[in-house]
Structure formats: C-alpha cells, structure tokens
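Contents: one structure, followed by commentary.
The values are calculated or read from the model by the stated rules, or taken from the named source; none is laboratory data. Here the structure is a predicted model, which is why all the values come from computation and not from measurement. Positions of Cβ are generated from backbone atoms using ideal geometry, with glycine treated the same way; all protein chains shown enter the neighbour counts.
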Amino acid sequence: MKRKDLFILITFLAAVMIVIFAVSRNPDWFAVKKDDSIILYAGTGCPHCANVEKYIKENQVDSKITFTQKEVYNNQFNAKDLQSKAKICGLPTDSIGVPFLWDGENAKCFMGDVDVINFFQEKTK
C-alpha cells in the first residue's frame, strides 16, 4: 500500500471515529425533532414587513412570546428555509411573499401583514 493511500485511509478512519464519538456524546444530533418554533420571515425594505415590525414594537410582542426573525432578501439560506416551510403547508414556492410566519407548533403558515399581525394578536391575548 502506498503512503498516500495509507494516509487517506487513516484520515478517513479518524473522521469516522470523530463522528461516532460526537453521536455517542449527543445521540439526538441526528434525531428528527418537531419544529415547535415560531419563525417570522421578512425582507429588508418590504413595506408589509415594516407594518408587522411596527406592530411587534408597539405591542411588545417579542417580550410576550418567543420567535425568531429571518431576513430572506439578502440571505439565500433563510430563503430556502422559507420555501421548505411553505412546502410543508402545501403552498406553491413560486408565489410566496413576505412577511411570512411559520407556526411550527401547529405546522401552519401565515402570509401577509394582516394574517401575521392577527396571529400575533391571538398569540398574545
């Protein structure tokens, strides 16, 4: 066996051992978990998103419930995440707009400032 092949084999085995060690320390690493988070997707400069942001600030929504905000116009990873949530809700990915809210607890989607604000109103009662 050539030195180069031996080096590749040893490197591969070391990588496998590291993965096995990591999984043994945290077995939930590969587990599929229920997504019970609330995610608000928005775009920089979007006027409807600004309406939602104004509502959140004026009503201190972020101090009443926990949710994550993700910008999608300048972040392709977030945009793809938005598309995956829309697919779960059975929405066509070519006509998704922001603001878009994912309610992971109920696996529901809300699109548009009116629907998103209504969601926050209900959630903060």
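Residue check: is L82 assigned to a helix (DSSP H, G or I), of a type outside the set (S, T, N, Q) and touching a residue at least 40 places away in the same chain (Cβ under 8 Å)?
Yes, satisfied.
Does A42 meet the test of being modelled with pLDDT of 95 or more and of a type in the set (G, A, S)?
So A42 passes the test.
Taking the condition of being under 21 Å from H48 (Cβ atoms), under 15 Å from the mean Cα position of the chain (by Cα) and assigned to a loop (DSSP other than H, G, I, E, B), how many residues in segment 97-113 meet it? Lay out the reasoning, then the answer.
Residues of segment 97-113 that are under 21 Å from H48 (Cβ atoms), as a first pass: 97-103, 108-113.
The next check asks that each one be under 15 Å from the mean Cα position of the chain (by Cα); those that pass are 98-103, 108-110.
Now drop any that are not assigned to a loop (DSSP other than H, G, I, E, B), which leaves 98-99.
Summing the residues that are under 21 Å from H48 (Cβ atoms), under 15 Å from the mean Cα position of the chain (by Cα) and assigned to a loop (DSSP other than H, G, I, E, B) in segment 97-113 gives 2.
Do we have I65 as surrounded by fewer than 16 Cβ atoms within 10 Å (Cβ to Cβ) and touching a residue at least 40 places away in the same chain (Cβ under 8 Å) here?
Numbers: surrounded by fewer than 16 Cβ atoms within 10 Å (Cβ to Cβ): yes; touching a residue at least 40 places away in the same chain (Cβ under 8 Å): yes.
It is true that I65 is surrounded by fewer than 16 Cβ atoms within 10 Å (Cβ to Cβ) and touching a residue at least 40 places away in the same chain (Cβ under 8 Å).
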